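To start, the structure itself, in structure tokens.
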Amino acid sequence: MLRIGEKVVKSLGEQVYNYLCDQLKTRALSPGTFLDLNDIAAKLGISRTPLRDALIYLEVDGYVEIVPRRGVRVKYLELSEVKNLYQIIGSLEATAMVESSKQFTAEDYAQLDEITAEYRRMVELGNLDDCLSINYAFHDYFLDRCENPYLARTVRTLKRRLYDWPRHTDLLADWERVNLGEHEQMVALLAAGDAQGAAAVLRDVHWQFKTQEEYIRSFYAGSSSPEAEPDGLG
């Protein structure tokens with residue numbers, strides 16, 4: 001990726017990678033299907049080289065798998081993988097919250113109050129994409145200020161694996177209200193000087209698979225392998 005002045009210029013391979021992720025997110029590509037590489041290259045007007053580069057990154061990031069003598073297949077997002085991702089993200093974000101909040105001022109708490117108020121408005125409007133965006137903004141507030149770019153980059157990469165898979169297009173209103181309540185609880189604890197308590201809510205409730213499992217199963221309905229054992233997550 002090149003940076004010219006303030007403009008970021010992505011390589012062709014990165015652009016193809018993002019295109020295919022968007023195709024997956026919008027269900028234009030479905031888990032379990034094989035990619036028609038010739039069709040993709042023709043549709044994008046590119047050679048096989050940038051497409052091959054994009055597929056390498058997609059395989060590394062867990063979106064596709066190479067099936068010998070058959071081609072490239074879009075992977076399913078198994079619930080066991082979601083469980084593992086939740087555990088890692090929760091631990092890392094809790095660390096970011098504790099570290100970043102050490103420097104917080106009254107202005108930071110006012111910003112967090114504004115973000116949660118906007119989240120409440122988006123929940124009431126019932127738009128999933130807007131809810132996801134403001135949810136990201138809340139979590140990014142801590143990642144952006146934790147002064148550990150490796151941690152922040154790791155969390156964002158793992159989150160993309162969660163949110164770029166096909167998901168329920170309708171708002172899961174109950175889940176959004178639960179998330180909102182947890183955000184408000186974390187902000188209240190932080191404002192009271194209890195960063196460890198806020199981090200515990202983030203790690204042990206907000207990013208706890210067992211606590212959120214009912215909603216997760218609905219959110220990713222159809223994205224998991226039909227052969228997966230529904231109750232084999234422990």
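What to note about this one:
- Mean projected area of the convex hull spanned by the Cα atoms of the chain, taken over all viewing directions: 14.6 nm².
- Tilt relative to the chain, helix 106-125 - C-alpha long axis, 0 to 90 degrees, to 10: 60 degrees
- For region 33-78, diffusion coefficient by Stokes-Einstein and Kirkwood Rh (Cα), 25 °C, 0.890 mPa s, µm²/s: 223 µm²/s
- Farthest toward positive dipole pole in the chain [+1 Lys/Arg, -1 Asp/Glu at C-beta], among Q23, L79, C131: Q23
- Between helix 48-60 and the chain there is an angle of about 40 degrees, using the helix long axis and the longest principal axis of the Cα atoms.
- Sorting 105-111, 205-211, 76-82 by their mean Cβ neighbour count within 10 Å, with the most densely packed peptide first, gives 76-82, 205-211, 105-111.
- Once the Cα atoms are used to define both axes, helix 149-163 deviates from the longest principal axis of the chain by about 60 degrees.
None of the figures in this text is laboratory data; all of them are computed from the coordinates on show. As the structure is a prediction and not an experimental result, all values here were calculated from the model. Cβ coordinates were reconstructed from backbone atoms using ideal geometry, including for glycine residues, and neighbour counts include every protein chain displayed.
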